[in-house]
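The values are calculated or read from the model by the stated rules, or taken from the named source; none is laboratory data. For clarity, every value in this text was computed on a predicted model and none was experimentally measured. FYI the Cβ positions are ideal-geometry reconstructions off the backbone, even for glycines, and counts take in every protein chain you see. For accessibility, only protein heavy atoms count, side chains too; no ligands or nucleic acids. Shrake-Rupley method; radii C 1.70, N 1.55, O 1.52, S 1.80 Å.
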Amino acid sequence: MSVRAERKLLAAIEAGGTKFICAAGYAPDQILQSAQIATTKPRETFAQVTSFFSKAVSAHGEIAAMGVASFGPIDIDPDSATYGSILNTPKPHWTGANFLKELAPFKAPIMIDTDVSGAGIGEAHAGAGKDLRTIAYVTVGTGIGAGVIKDGVPQSGFGHYELGHIRPPRDKNADPYPGRCPFHGDCLEGVASGPAIIERWGASLSDLPAGHVAINLEAEYLSHLALTLILGHMPERIIFGGGVMKAPGLMEQVRRETKALLGDYVQGQHLKGDLSDYIVAPALGDLAGITGAMALAQMALKNAQ
Ligand code: ZN
């Protein structure tokens with residue numbers, strides 16, 4: 001392929017609950033321009049998104065493909081009548097907002113996935129998952145989500161995975177907190193998300209004193225997600241991101257608890273030692289999401305050809 005033929009303009013959106021990051025460029029590492037837009041009401045936000053990409057088209061030519069990595073829940077089944085729609089979300093105004101419809105004026109093929117998968121694709125492409133075939137990406141923040149990326153492609157069934165809602169074993173003497181998931185109460189997200197920690201202990205994990213019982217409890221809960229990912233997908237690495245994971249000592253404790261849960265049953269070079277090269281922090285930081293959204297645009301382009 002000639003260099004000229006590769007220069008197709010790609011558009012990417014990392015749609016978060018507080019801001020949208022929009023980028024236009026030729027590849028994940030060749031972004032020409034980008035902008036941050038506040039997530040207010042769909043009509044207002046999409047007006048600015050459309051304006052940004054219209055200017056990009058004026059400057060660089062037509063958009064060849066678009067990639068969207070969005071907060072969810074979102075319909076990511078291309079065969080569904082509501083593909084690209086935000087599903088029931090507690091975020092006011094956004095239930096039913098549809099990316100496909102809003103971006104239709106650009107007449108470009110679009111690939112849509114979750115923000116969690118987007119960050120996972122970014123890490124698989126250029127970060128902590130580079131050169132590995134199967135990785136899992138977990139985010140522990142306002143919610144808990146996990147994506148599995150295989151050969152650069154996010155895995156899903158009829159919908160995206162919802163591993164944040166698994167039910168870790170509970171010792172109600174050690175942790176009587178009932179949980180805050182509106183659907184399940186004490187599922188993983190219900191007991192281990194950032195808001196659950198603050199509701200329980202009045203501070204974020206990073207702000208609690210060293211040695212606080214919360215770190216151990218959090219690690220125990222999260223290790224069940226790591227175990228589930230290993231047993232179900234055998235990823236070569238699990239990347240744990242999100243604000244809660246920045247708490248000192250938490251990552252190490254998750255490694256120890258996961259190792260204990262595995263009980264030497266699953267063999268493999270990746271699981272040897274203290275898992276310090278297996279359960280890791282993201283490498284791309286804030287760039288993971290938009291990198292992944294650009295990679296989704298590349299996939300949309302490839303699928304359309
Ligand atoms: Zn739940």
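Some observations on this one:
- A single member of 296, 301, 271 is open to solvent by 30 Å² or more (accessible area, probe 1.4 Å), more than 27 Å from residue 213 (Cβ to Cβ) and aliphatic (A, V, I, L, M), and it is 301.
- Residue list for the range 48-62, restricted to those being in a helix (DSSP H, G or I) and of a type outside the set (Gly, Ala, Ser): 48, 49, 50, 52, 53, 55, 57, 60
- Some residue of the range 220-228 being open to solvent by 40 Å² or more (accessible area, probe 1.4 Å), without any contact (Cβ under 8 Å) to a residue 60 or more places away in the chain and not β-branched (Val, Ile, Thr): yes
- The range 229-251, subset outside any loop (DSSP other than H, G, I, E, B) and open to solvent by 40 Å² or more (accessible area, probe 1.4 Å), residue farthest from residue 270 (Cα to Cα): 243
- When restricted to residues that are closer than 14 Å to residue 67 by Cβ and open to solvent by less than 30 Å² (accessible area, probe 1.4 Å), the range 87-109 contains 4.
- Sole exception among (1) open to solvent by 80 Å² or more (accessible area, probe 1.4 Å); (2) modelled with pLDDT under 95 for residue 207, by number: (2)
- Where residue 255 falls short, out of the listed (1) buried (at least 20 other Cβ atoms within 10 Å of the Cβ); (2) more than 22 Å from residue 155 (Cβ to Cβ); (3) within 16 Å of the ligand (Cβ to nearest atom): (3)
- Options 95, 89, 142: the member that is within 15 Å of the ligand (Cβ to nearest atom), assigned by TED's automatic domain parsing to the domain that holds residue 299 and among the β-branched types (Val, Ile, Thr): 89
- Among the residues of the range 149-203, those that are part of a helix (DSSP H, G or I), open to solvent by 20 Å² or more (accessible area, probe 1.4 Å) and more than 14 Å from the ligand (Cβ to nearest atom) comprise 198, 199, 200, 201.
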